[in-house]
2 protein chains.
Amino acid sequence: MSIENKTIDRAAQEMLRRTQADGVEVVWDRLEAQEPQCGFGTLGLCCRNCLQGPCRINPFGKPDRGVCGADAHTIVARNLLRSLAGGAAAHVDHAYDVLEALKKIAEGSAADYELKGEEKLKAVAAKIGLDTANKDKNTLAQEVAARAYETFTSHSSEPMAWLKYWAPAERIETWTKLGVVPRNADREIREAMHQTTMGMDADPVNLLLAGIKQGIVDGFAGLKLATDMQDIIFGTPQPVTTQTNLGVLKKEYINVVVHGHVPLLSEKIVQWCRELEEDAKEAGAAGINVAGICCTGNEVLMRQGIPSATNFLGQELALATGAVDLMVVDVQCIMPSLTNIAQCYHGEIVTTMPITKIPGADHVPFSFEEADQQAEKIVRKAIASFKRRDMARVKIPDEKADIIAGFSTEAIVGALSKVDESDPLKPLVDAIKSGAILGAVGTVGCNNVKITQDLMHVEMVKKLVANDVLVVATGCSAHALGKAGLLHPNATNEFAGEGLKAVLTVVGEAAGLGGPLPPVLHMGSCVDNSRIGDLLMALADYLGVNVKDLPVAASAPEPQHEKALSIGTWAVAMGIFTHLGLPPQVLGSDVVAGTLTGDKLESLIGGKFYVETDAKAAVEGIIEHIKAKRQALGI
Amino acid sequence: MSIENKTIDRAAQEMLRRTQADGVEVVWDRLEAQEPQCGFGTLGLCCRNCLQGPCRINPFGKPDRGVCGADAHTIVARNLLRSLAGGAAAHVDHAYDVLEALKKIAEGSAADYELKGEEKLKAVAAKIGLDTANKDKNTLAQEVAARAYETFTSHSSEPMAWLKYWAPAERIETWTKLGVVPRNADREIREAMHQTTMGMDADPVNLLLAGIKQGIVDGFAGLKLATDMQDIIFGTPQPVTTQTNLGVLKKEYINVVVHGHVPLLSEKIVQWCRELEEDAKEAGAAGINVAGICCTGNEVLMRQGIPSATNFLGQELALATGAVDLMVVDVQCIMPSLTNIAQCYHGEIVTTMPITKIPGADHVPFSFEEADQQAEKIVRKAIASFKRRDMARVKIPDEKADIIAGFSTEAIVGALSKVDESDPLKPLVDAIKSGAILGAVGTVGCNNVKITQDLMHVEMVKKLVANDVLVVATGCSAHALGKAGLLHPNATNEFAGEGLKAVLTVVGEAAGLGGPLPPVLHMGSCVDNSRIGDLLMALADYLGVNVKDLPVAASAPEPQHEKALSIGTWAVAMGIFTHLGLPPQVLGSDVVAGTLTGDKLESLIGGKFYVETDAKAAVEGIIEHIKAKRQALGI
């Protein structure tokens, strides 16, 4: 495969030429070595859930049942449910981690942190029915944390706490009818694991409903809870300008890369990189430069303006620059190959979390209680690593793009309020009603090495904005769009349709940008998909309709992780038409694939999946959906 | 494969001849159709945890890494951890279900039940530090339930509640050193799922330690909690005599089979079969005959003396008799093929649980609150089904064996107290010390269609008892041994070594049996492996040593379910040498397989896995281990 077919990112292309010349194996090489991939697994027709297996269903005939008697539909649905439980567990564990941090900070046992998001704290506390008057922030935060923990401790059949507080009544009613309301996040994950063991559920539709429940668990006990807790601890993002792509690495500086998903560590690394600036200079560096990868990168980008080095598929290539002195990782999406690449070029890989270790990496256990001490230790390791760097082998691509990020829901409403202070949503809603804005799409999720890196994200978004569709983005999608220049006001002029451009210009100028807003609003990390949910709920509320009635869609153009599946399922459960640029491993069952993408699901829950691998066709499908929703609303 | 190679159970052989003649597909046929099974999956070398896969590692060369960079060790260990989480989740969900029932019964909202195990309730309450004086049983039960729920609600780093109350201090210390003490059962399951998603843990040893934690979760929040709650609700088993094998079905009677694992339903079915006896007679039957399969069968066998029809691999063959009018199932180990077999012969399949539905089965939702109403409805369906039965097609094998069961730890101590009332464990310990009893082995777990049904269970146990090893059994192992006559006093005379025979005779006669105890003591269902744990802890305590020092072993001769793996891991974590008659899917990693079966693990935790597929060799290995432990104890 040509390098141009591997990635559209020119910095990545340059680094790929380097790794190829050096004979260093990276993710594309490993995909090639894996091909052809197993057809049974690709179709979801392989079951390894007991020691009588592994079993495989022949999609063209016999055997049509596994040893226990499970057929294709059971096996495919069961595998999907287990994947969705994996995705939900990842986000819930993340949320639980930041909830635990909030509690300890509020109680004073994590003294290295202080609560910076007092406004968010009050807003959350008020929303969940706490009396906020005359309470210091730590007391109030303890009360919020106690309520949040109920998401994991209730034994009743009531909706789980963080869902009960935030989900629209119409959704809870719809989900109750379908029997998919989660009661307790952990209980549901445990139950899904039980449900998928040998000799349990054989009904594919029942298994799919359980899968939808996992999506709802993810959305409220994962995404929403994580974002709320993080905003309370670190503050709610406001617009920032920064840069993205490998060109943000600096040859004369000590380059520290934060990679993973949870800001508890990365925020401290950023702080200590600043505090040890003088030590860096003593070591012969011009200073310390921090850059981010994946979502912990997005977290410090959104709140601190830290530049982003690259997204998921570029993580190895960042090391191939030879300029990364230390890459510190927390959880999720971390390729175990990083240690090999670092050995071939330069840089230390530091793992920090008890459930994410990599043979060959240096492990520095991270804890809330001793965060400063450990962050300092890690940054000092980076300084020591810089001294070992071979400057002659440093090769940083001259590729970077300016971006504006930090568009939390609060920031978007803030910008809109500059147009209409008393009724901030009105300008946006009016623009949608008039057709100046046709609708909105959230592009989210990963890179997937099976798809040319960033291609689907960028192609789809260019076409969407040209059709006057406002795009909001998170995660690796936001990284991709940033690298392609789409997070900058210039892109509004270059790519946006006339209607969209006019609205973005009015808002941008009112907000003091001296020009339009970018056509794509970077709303944060993958857990910050909750911000998109918040915005949609606010819009629906304003319009007096339900989220499922809005002229909007979601898209994961290049999905890779189980989290992408569970986020997508949450979106469908919210009533959103949800595009995937690659089919999940369900094509072995027409019942499963048909149900997930079918009109019946849409009629029951409002949303459905839409799988289309071609960018142009995908955008056409999405716009057709948006137009149908506009028509139904009579606009 | 000849029928004799499929099963040693003559009733099963007879039914297999029938299904073969009728061209009806059963589990052995489906195994044959699956062969050759996938080598990658068998070795654990297949990963489907993200959409960049599925990936496969070549055990003989390249590719040696998945797309993300995970190697064989990472993939094998990750798959094992996910399986262990599945097994633990199954048992924890079972325990949670009976805990919820206990709470509702005690509060009066499940009025169809009453608490029958007052003695157990008091014993448990006292052990966990509750004041038992002057409290009615429902009040005390509510307090016990509240404590039990803490197993799922604590957010501290303290050991989880039901473990803290029951695990020996030495074990907690050992587990703390290894970092494997569970804090909260659900949190650990969620964390394991997170840990196994893409880009998380790549360290096989760290993943294996997490797997051990899942075993401990299973042992205390699954097995132990379930048994305790069930004994409080339904009473602690005491010795009962009954029969086993398909010959317990009765042609002139309405035959109702209970299949699954949780006694909440099966106890009610047994009750309603008795209550509707007259209705059955009006329908032309001689009465209603209830028989059990798998562990819900063991539950009503242990407490009610309900005969057992067969074990896991015989479930389809019970239907092939044409005499089963209704098979009602709850959870786990239920072949989805049952509906097909019932269609070919006779009988209705009724599912009852929200997470276990089977297309083609009749679903009667079961709830604690309306248990009587639903149980009655199900038994009335059986009566209606009987009327449709074609008597000409009924063929019940004339095979059944007399058994004694009901050997809870309390019942065993009770029998021993007839020998020495003041010091009941003394006779047993003296016999072990003197060598009259060489040691003890618990045989547990499933059938697995890859192994001739019951063969490993029976061959191993005959050799063990001949070598003066006392055997205790649970689950499908107990069923297998019962069918082979080994749960009867006659087997003591026929198979036991002289030393063992003498001891069993003394105890049996003192207990009023008029002869020896059986050489195999049936201790209950799979969750009742906790009873074996309790007995071992009591023995160790009596001797002033640790469980890991006892001359004992565990064996799952024919493991099939993920539960068998998590139970086995709990046994290893308790310090027990644990035999498996079939290797788990870990042979693709020498690191994983070597660690699980290695001396290092044994030196750290006291136990290890021992995989041996030959019955004779397995027994030799176990006896060698027992002798080494005796030597270390100086006996």
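The values are calculated or read from the model by the stated rules, or taken from the named source; none is laboratory data. Only a predicted model underlies this, so the values are computations on that prediction, with no experimental measurement involved. Cβ atoms come from the backbone with ideal geometry, glycine included; neighbour counts cover every protein chain shown. Areas reflect the complete protein model, heavy atoms only, side chains present, ligands, DNA and RNA absent. Shrake-Rupley method; radii C 1.70, N 1.55, O 1.52, S 1.80 Å.
With its label point defined 7 Å out from Cα along the Cα-to-Cβ axis, A:Gly129 lies at 3.2 nm from the matching points of the other copies, in increasing order. Among the protein heavy atoms, those of A:Trp166 account for about 40 Å² of accessible surface (1.4 Å probe, every chain in place).
With a sphere of radius 14 Å drawn around the Cβ of A:Gly445, what net charge do the other residues whose Cβ falls strictly inside it have (Lys, Arg +1; Asp, Glu -1)?
-3
Taking the Cα centre of chain B as origin and assigning +1 to Lys and Arg Cβ atoms and -1 to Asp and Glu Cβ atoms, the resulting dipole is close to 860 debye. Label point of A:Asp402 (7 Å along Cα→beta-carbon): distances to the other copies' equivalent points are 9.5 nm, sorted ascending. For chain A, the 222 nm mean residue ellipticity estimated from helices alone, with every DSSP H stretch of n ≥ 4 adding -39500 (n - 2.57) and the total spread over all residues, rounds to -15500 deg cm²/dmol. By the Stokes-Einstein formula, at 1.306 mPa s and 10 °C, the range A:3-55 with its Kirkwood radius over alpha-carbon pairs has D equal to 116 µm²/s. Each chain gives up part of its surface: A and B jointly bury about 7900 Å² of accessible area, both sides summed, for a 1.4 Å probe.
Select from the range A:249-307 those GluC sites (Glu not before Pro) which occupy a DSSP coil region and have at most 15 other Cβ atoms within 10 Å, ordered by residue number.
On the way: sites: A:Glu252, A:Glu267, A:Glu275, A:Glu277, A:Glu278, A:Glu282, A:Glu299; in loops: A:Glu252.
Taking the range A:249-307 and a limit of 15 other Cβ atoms within 10 Å, the loop GluC sites (Glu not before Pro) found are A:Glu252.
In the full protein context, the protein assembly as shown carries 30 Å² of accessible surface per residue, based on a 1.4 Å probe and ignoring ligands, DNA and RNA. Per-residue accessible area (protein heavy atoms, 1.4 Å probe) orders B:Glu399, A:Glu421 as A:Glu421, B:Glu399, starting from the largest. What shape does the range B:286-414 have by the C-alpha gyration tensor, where a ≥ b ≥ c are the square roots of the eigenvalues, rounded means a/c under 1.5, and otherwise prolate means a/b greater than b/c and oblate the rest? Oblate shape, in that a/c is at least 1.5 and b/c is the bigger or equal ratio.
Rolling a 1.4 Å probe over the protein heavy atoms leaves A:Val205 with an accessible area of roughly 70 Å². Defining a contact as two alpha carbons under 8 Å apart and six or more residues distant in sequence, what relative contact order in percent does chain B show? Reported as a whole number, the value is 16 percent. Relative to the Cα centre, the charge distribution of the range A:406-633, modelled as +1 at Lys and Arg Cβ and -1 at Asp and Glu Cβ, gives a dipole magnitude of about 160 debye.
Quick one: grab the alpha carbon gyration tensor of the range B:195-340, order the square roots of its eigenvalues as a ≥ b ≥ c, and give me rounded if a/c is under 1.5, else prolate or oblate depending on whether a/b is larger than b/c. Prolate. The apolar share of the surface of the range B:246-393, taken as the fraction of accessible area on carbon and sulfur atoms (1.4 Å probe, ligands and nucleic acids excluded), comes to 47 percent. Here's the picture: charge each Lys and Arg Cβ at +1 and each Asp and Glu Cβ at -1 in chain B, and of B:Gly621, B:Asn49, B:Phe234 the one pushed furthest to the positive end of that dipole is B:Asn49. Burial here means at least 20 square angstrom less accessible surface with every protein chain in place than with the chain by itself, probed at 1.4 Å; in the range A:350-368 the buried residues are A:Ile355, A:Thr356, A:Lys357, A:Pro359. Within the accessible surface of the range B:407-483, defined with a 1.4 Å probe on protein heavy atoms only, the carbon and sulfur portion equals 52 percent. Around the amide H of B:Val472, modelled in the peptide plane, lie the amide H atoms of B:Val441, B:Gly442, B:Thr443, B:Leu521, all under 5 Å away and 5 or more residues distant in sequence or on another chain. Taking amide H as placed 1.01 Å from N in the peptide plane, the amide H of B:Tyr610 sits under 5 Å from that of B:Thr578, B:His579, B:Leu580, each at least 5 places away or on another chain. With 30 Å as the limit on Cα-Cα distance, the pairs of B:Lys137/B:Lys357; A:Lys501/A:Lys627; B:Lys103/B:Lys357 that go past it are B:Lys137/B:Lys357.
In terms of its C-alpha gyration tensor, chain B comes out rounded, because the ratio a/c of the largest to the smallest axis stays below 1.5. The residues neighbouring B:Thr613, those whose beta-carbon lies less than 14 Å from its own, together hold a net charge of -3 under the Lys/Arg +1, Asp/Glu -1 convention. Counted by Cβ distance under 11 Å from B:Asp279, the other residues give a net charge of -3, where Lys and Arg count +1 and Asp and Glu count -1. Using a 7 Å projection from Cα along Cα-to-Cβ, the label point at B:Lys251 is separated from the same position in the remaining copies by 9.5 nm, smallest value first. Can you grab the distance from the C-alpha centre of the range A:178-224 to the C-alpha centre of the range A:6-73, Å, no decimals? Taking the Cα centre of each part, the range A:178-224 and the range A:6-73 sit 25 Å apart. Note on the range B:169-272: percent of Cα-Cα distances in each 10 Å bin, starting at 0 and stopping at the bin with the largest distance, equals 11, 28, 23, 19, 14, 4, 0.
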